[in-house]
Amino acid sequence: MDFNDTNEEASWRSEVRDFLEKEYPQELRRGGRNEGGEGEGLFRSREANTGGIMKRWRSTLASRGWVAPAWPKEYGGAGLDTKRQFIMNEEFAEFGAQNVGGFGVMMFGPTLIVHGTDEQKKEHLPGILNGEVQWCQGWSEPNAGSDVASVQTRAVRDGDDYVVNGQKIWTTGAQFADMMYMLARTDPDAPKHRGISYFMLDMHAPGVTVRPLITMAGSATFNEVFFENVRVPARNRLGEENRGWYIGTTTLDFERSSIGSAVGIRKQLEGLIRFAKEHPAVTVGAGKQSVQAALADRWIEALVAKMMSYRVVSMQSAGLIPNHEASMCKLFTSEMGQRIAALGLKMTGLYGMVTGGPGEYAAAGRYGVGYVAAVSSTIAGGTSEIQRNIMAQRGLGLPRD
């Protein structure tokens, strides 16, 4: 693996850095520290994503095709090759630049480009790019979490429509979404992977009910969504009937492995170290030898996560498709994020449980909130157990248990 940029890659990296220094809105820079990273702004309200500062930032990116840099130019993207995408993502994450794409740009749009008809692309891609249409993902159900192929939400053909009945759960951002890309069972008698179809469903259609789920951290990130005789036009089916599972796997390929995650984790660790230096009164555990050793371990792990991401992009640049390697990235970064969250709580001690109060006491409370918020990271996008199964079977060649 060559860790050095070529002359062309170095020039591209400088171009991205200069762009961010000149164009990234000052209001989003968090006092110049830029502690964000990939994932910021993914699941905001319509007003947050399309109004004011974020709208201007999106427009600036769109003028270069950078809202969806991986998309072909004919669909409004920049048509960047794998290495340039990687460099751009790395620099954006290092700068802390907020993401304006969401599920539509990151996951559904690329799937639509691969599997959609020309009419479907013309109808849906522009709204994704300009931010006017927000998307959510309808995968999990109460009895179909890790085993997504066990979905029981039904879609029955009725003339030019499908009638959908059932339920989805853990649907991130559903309360803000205009559309959902979803899997529903269209043939209950077929083997479970072969009787599923992939649909684009209007979240404002009659019969759709969204109920927020309050997490341990007190946020309504997730939702449960109910469908009662919801009519979905047949033209909103993506691909062939009963072949939706195979299209869905395309979407999942876009979800895992990212340099932004690795950089974001490291910046989270840097923020923790800086907070300990600036607020010794509420980071009472920072002086413990065990905590200092843990900080060193987490720093090494952050470098390992970066190397894993480099491995993935090297494979992609060589025309290979990362599979268990992407699962390794997802597993490692999500579990490392939980370890960092636990370390933050250990450093702040009881102050980390304070959710109000003056100054630095309230600031310390964010580590308590972060600790409980981090629980979901090893569930979303495929549980750690699923990732380990993929690594065992596809990486090590072990048999299914």
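A few remarks follow.
- Some residue of segment 123-140 being under 17 Å from the mean Cα position of the chain (by Cα), surrounded by 17 or more Cβ atoms within 10 Å (Cβ to Cβ), β-branched (Val, Ile, Thr) and not in a loop (DSSP other than H, G, I, E, B): yes
- Residue identified as part of a helix (DSSP H, G or I), more than 18 Å from the chain's Cα centre (by Cα) and surrounded by fewer than 20 Cβ atoms within 10 Å (Cβ to Cβ) among LEU345, LEU350: LEU350
- Looking across segment 198-224 at every residue that is polar (S, T, N, Q) and in a strand (DSSP E or B), the one that is surrounded by the fewest Cβ atoms within 10 Å (Cβ to Cβ) is identified as THR209.
- The listed residues are ILE340, ILE300, ILE247, ILE265, and the only one of them that is β-branched (Val, Ile, Thr) and at pLDDT below 90 turns out to be ILE265.
Yes or no, residue by residue, for (1) modelled with pLDDT of 95 or more; (2) surrounded by fewer than 16 Cβ atoms within 10 Å (Cβ to Cβ); (3) more than 20 Å from the chain's Cα centre (by Cα):
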| site | (1), (2), (3) |
| --- | --- |
| THR186 | yes, no, yes |
| HIS193 | no, no, yes |
| PHE226 | yes, no, yes |
| ARG235 | yes, yes, yes |
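- Residue count, segment 291-300 (criterion: closer than 10 Å to LEU343 by Cβ and among the polar types (S, T, N, Q)): 0
- Within segment 354-385, considering residues that are aliphatic (A, V, I, L, M) and crowded, with 18+ Cβ neighbours inside 10 Å, the one farthest from GLU325 (Cα to Cα): VAL354
- Residue list for segment 25-63, filter: part of a loop (DSSP other than H, G, I, E, B), touching a helix residue (DSSP H, G or I) at 6+ places or on another chain (Cβ under 7 Å) and either of a type in the set (A, V, I, L, M) or modelled with pLDDT of 55 or more (or both): PRO25, LEU42
- If you go through segment 355-380 and keep only what is assigned to a loop (DSSP other than H, G, I, E, B) and within 17 Å of the chain's Cα centre (by Cα), you end up with ILE379, ALA380.
- Enumeration of residues in segment 288-321 that are β-branched (Val, Ile, Thr) and part of a helix (DSSP H, G or I): VAL291, ILE300, VAL304, VAL312, VAL313
- The listed residues are GLY264, GLY166, GLY260, and the only one of them that is surrounded by 17 or more Cβ atoms within 10 Å (Cβ to Cβ) and on the phi > 0 side of the Ramachandran plot turns out to be GLY166.
- Yes/no for GLY285 being at pLDDT below 90, assigned to a loop (DSSP other than H, G, I, E, B) and farther than 17 Å from SER377 by Cβ: no
- Residue pairs meeting the criteria (Cβ under 7 Å; at least 6 apart or on separate chains; first assigned to a helix (DSSP H, G or I), in segment 155-183; second modelled with pLDDT of 95 or more and among the β-branched types (Val, Ile, Thr)): ALA174/VAL210; ALA174/VAL225; GLN175/VAL210
- For segment 141-156, the set of residues classified as within 21 Å of the chain's Cα centre (by Cα) and within 22 Å of MET179 (Cβ to Cβ) consists of GLU141, ALA144, VAL148, listed by residue number.
- Single residue of segment 380-395 satisfying the filter (of a type in the set (A, V, I, L, M, F, W, C), touching a residue at least 12 places away in the same chain (Cβ under 8 Å) and out of contact with any helix residue (DSSP H, G or I) (no Cβ under 6 Å at 6 or more places or on another chain)) that is farthest from THR171 (Cα to Cα): ILE386
The values are calculated or read from the model by the stated rules, or taken from the named source; none is laboratory data. Just so we're clear, the structure is a prediction, and the values are computed from it rather than from any experiment. Heads up, the Cβs are rebuilt from the backbone with ideal geometry, glycines too, and the neighbour counts pull from every protein chain shown.
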